Structure formats: C-alpha cells, structure tokens
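The values are calculated or read from the model by the stated rules, or taken from the named source; none is laboratory data. In this text the structure is predicted, and so the values were computed from the model without any measurement. Cβ atoms come from the backbone with ideal geometry, glycine included; neighbour counts cover every protein chain shown. Surface accessibility is based on the protein's heavy atoms, side chains included, excluding ligands, DNA and RNA. Shrake-Rupley method; radii C 1.70, N 1.55, O 1.52, S 1.80 Å.
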Amino acid sequence: MRSVTVARRLARNQFFARGVRSLAGHRCAVCLKKFDYQDANMLEVAHIRAVSDRGPDHQQNALVLCPNHHALFDEGLWSLTEDGQVIRSSQLPAALAAQLADRIPADWEVDAGCVHWHCSRMKP
C-alpha cells in the first residue's frame, strides 16, 4: 500500500548550480579521467557544508561531482583539506578509493570553514 507524504526543503538556486558547473568546465572535480559531462547534463553541485546546516550557495562551498562521487562525498566516505587534497575514509572500499583523484583542481578555492564542517562528519 502506498501513502502520500509531504516534505519541506529549502529551495535551491538553479542559476547557482548552472554557473558553478560551467566554471568547473563541466568536469567532475575528482574523476581520474576528465570526462566532459556537458552533453550528458548529469553533473551535480555538492555543497561542502550542507544547505540544511546553513551552508551557503557560493562557489567556495561547492564541488562539481558526478553522481557516484557526490553520493560517496555525502556519505562521508571522502572529504578534502583546505588546499584541495582528497582524504579517503578507511571505510571506503579500495576499488572505489582508487577511482578518486588525489586532489581537486588546483584553481578551485574552497572555504576553510565549510571544509572543516565536512571533515568533522567524515567516517573514520
């Protein structure tokens, strides 16, 4: 039997997401192979500090990720340092860990406070 539910969530700024994807060159920040996802229109903008926890919509709180890397990031299976180094959780399976770049693009600046927030929620 199915039931109807109502959910409340913050409205997202679609112009923000489009702009950030464009600035990232339509490429996932951590894919080892640098695919151009523009035609597939499947890249996602991940907030480093979640919107639900007062994370701002600005470029320094955003990473452009493919759906797989976004899901792993949100699960706390990988994070990053202030200078863009990728940190892998010991709970991330080795085969998946091997598919992450060692750092995000060097020209992508991240907000230190947002990074610290995400790291504090990372799985050991």
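Things worth noting here:
- Scanning segment 70-124 for residues that are among the hydroxyl-bearing types (Ser, Thr, Tyr) and open to solvent by less than 60 Å² (accessible area, probe 1.4 Å) yields a count of 3.
- Residue count for segment 1-56, restricted to those that are under 24 Å from residue 113 (Cα atoms), open to solvent by 70 Å² or more (accessible area, probe 1.4 Å) and among the acidic types (Asp, Glu): 0
- Those residues of segment 77-92 which are touching a residue at least 40 places away in the same chain (Cβ under 8 Å) and in contact with a Cys (Cβ under 9 Å, 6 or more places away or on another chain), in sequence order: 79
- Checked against (1) farther than 23 Å from residue 14 by Cβ; (2) assigned to a helix (DSSP H, G or I), residue 71 passes all but a single condition, namely (1).
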